[in-house]
Amino acid sequence: MAIDNAIGDMILFLDDDAVAEEKWTEKYEKLFISLPNAGGISGVTYRAYVRDGELIKTNEYFYEYAPTKNVLHRKPLPEYFSYYGWIARSGFMGAKMPPSELFLSVLLGGVNMGWLRDAVKGCPLAELFKRSKRGLWNEQTLAYCAKKRGYDTYQVLGAQAPSVWHIQHTDSLTRRKGFWQEFWIHYDRVANYWRLKRLGAQVSLYAYILACIVSIRRRLLPRLLATLYGWLTRI
């Protein structure tokens, strides 16, 4: 809804339980100017805590950057060969260690990200996620829409990164525990192949089936049922 109704050149996303630094907007603007091919950028997110009504900011990363194994179902789509965080041909995600604090990546985080309106306006996000209960990887779907329009996406760390402090909770939409939490999170993983296929991506059915098989080795029952549901509904 925000993207569909935006009228400015730049759209910034911030979680309702995150606190942005004072120069947050200014830093995004400078980055988009300095990276003329950038359609999307994600800054750095740190942990924050609320104790006795006081906000405690830390320098701990809220999301750790975790490289994936170099296996078949993690191989990138052709358009992401130069990326350090990518969409794989299976529809799952892949990553390797970046060489610097500014690098090409689709692994943007909705808690702290910016987009050029022209890069993502018209992306059929609502239609593609109509069955989703968690919205996992919606940022990567936006990144693919931007890529189709000729834009790159970046992650930024260090002093130039737009920074926010995300309040740590024991319970949230994507970090709850239990059967249905795992079911719906995994459904989004499984459904991503079909979303990308609708968008015209050169996804591989073989890599997708392999990724599905590998992924159900942990938490077998909810993931297996989510996989079957994803195959039956195809989003």
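Can you name the number of the only condition in (1) over 30 Å from Leu210 (Cβ atoms); (2) touching a Leu at 6+ places or on another chain (Cβ under 8 Å); (3) among the aliphatic types (A, V, I, L, M) that Ala161 fails?
(2)
Return the total of residues in the range 79-103 being over 13 Å from the mean Cα position of the chain (by Cα) and within 26 Å of Arg47 (Cβ to Cβ).
9
Filter the range 111-131 for residues that are part of a loop (DSSP other than H, G, I, E, B), buried (at least 17 other Cβ atoms within 10 Å of the Cβ) and in contact with a helix residue (DSSP H, G or I) (Cβ under 7 Å, 6 or more places away or on another chain) and give the result. Show your work before the answer.
As a first pass, look at the range 111-131 and keep what is part of a loop (DSSP other than H, G, I, E, B): 111, 121-124, 129-131.
When the remaining residues are screened for being buried (at least 17 other Cβ atoms within 10 Å of the Cβ), the result is 111, 123, 129.
Answer for the range 111-131, where residues must be part of a loop (DSSP other than H, G, I, E, B), buried (at least 17 other Cβ atoms within 10 Å of the Cβ) and in contact with a helix residue (DSSP H, G or I) (Cβ under 7 Å, 6 or more places away or on another chain): Cys123, Phe129.
Starting from residues that are in contact with a Lys or Arg (Cβ under 9 Å, 6 or more places away or on another chain) and in a loop (DSSP other than H, G, I, E, B), keep the ones in the range 60-82 and report whichever is surrounded by the fewest Cβ atoms within 10 Å (Cβ to Cβ).
Across the range 60-82, the extreme among qualifying residues is Asn70.
Please go through the range 51-90 and pick out each residue that is touching a residue at least 12 places away in the same chain (Cβ under 8 Å) and among the acidic types (Asp, Glu).
Glu60, Glu79
Out of Lys96, Lys57, I need the residue that is within 19 Å of Ser163 (Cα to Cα), surrounded by 12 or more Cβ atoms within 10 Å (Cβ to Cβ) and of a type outside the set (S, T, N, Q). Which one?
Numbers: Lys96 fails: within 19 Å of Ser163 (Cα to Cα).
One residue alone meets the criteria, Lys57.
Filter the range 182-214 down to residues that are surrounded by 17 or more Cβ atoms within 10 Å (Cβ to Cβ) and polar (S, T, N, Q) and give me whichever is farthest from the chain's Cα centre (by Cα).
Ser204
Tell me yes or no: at least one residue of the range 152-170 is under 27 Å from Tyr84 (Cα atoms), modelled with pLDDT of 95 or more and loosely packed, with under 13 Cβ neighbours inside 10 Å.
Looking for residues that are under 27 Å from Tyr84 (Cα atoms), modelled with pLDDT of 95 or more and loosely packed, with under 13 Cβ neighbours inside 10 Å, one finds none in the range 152-170, hence no.
Scan Leu224, Leu136, Leu232 and give me the residue that is outside any loop (DSSP other than H, G, I, E, B) and either surrounded by 14 or more Cβ atoms within 10 Å (Cβ to Cβ) or of a type in the set (Val, Ile, Thr) (or both).
Working: Leu136 fails: outside any loop (DSSP other than H, G, I, E, B); Leu232 fails: either surrounded by 14 or more Cβ atoms within 10 Å (Cβ to Cβ) or of a type in the set (Val, Ile, Thr) (or both).
Going through Leu224, Leu136, Leu232 in turn, the sole match is Leu224.
Can you say whether Glu54 is more than 22 Å from Lys197 (Cα to Cα) and out of contact with any Lys or Arg (no Cβ under 9 Å at 6 or more places or on another chain), as far as the supplied structure shows? Spell out how you get there, then give the answer.
Numbers: more than 22 Å from Lys197 (Cα to Cα): yes; out of contact with any Lys or Arg (no Cβ under 9 Å at 6 or more places or on another chain): yes.
Judged against the criteria, Glu54 is a match.
Output the residues belonging to the range 1-24 that are assigned to a helix (DSSP H, G or I), closer than 26 Å to Ala126 by Cβ and either touching a residue at least 40 places away in the same chain (Cβ under 8 Å) or aromatic (Phe, Trp, Tyr) (or both). I'd like the intermediate steps shown before the answer.
Step one: list which residues in the range 1-24 are assigned to a helix (DSSP H, G or I), which gives 2-5, 24.
Filter again for closer than 26 Å to Ala126 by Cβ, leaving 2-5.
Once the filter is applied, which keeps residues that are assigned to a helix (DSSP H, G or I), closer than 26 Å to Ala126 by Cβ and either touching a residue at least 40 places away in the same chain (Cβ under 8 Å) or aromatic (Phe, Trp, Tyr) (or both), the range 1-24 yields Ile3, Asp4.
The values are calculated or read from the model by the stated rules, or taken from the named source; none is laboratory data. All values derive from a computational prediction rather than experimental measurement. For neighbour counting, all protein chains shown are included, and Cβ atoms are generated from backbone atoms with ideal geometry for every residue, glycine included.
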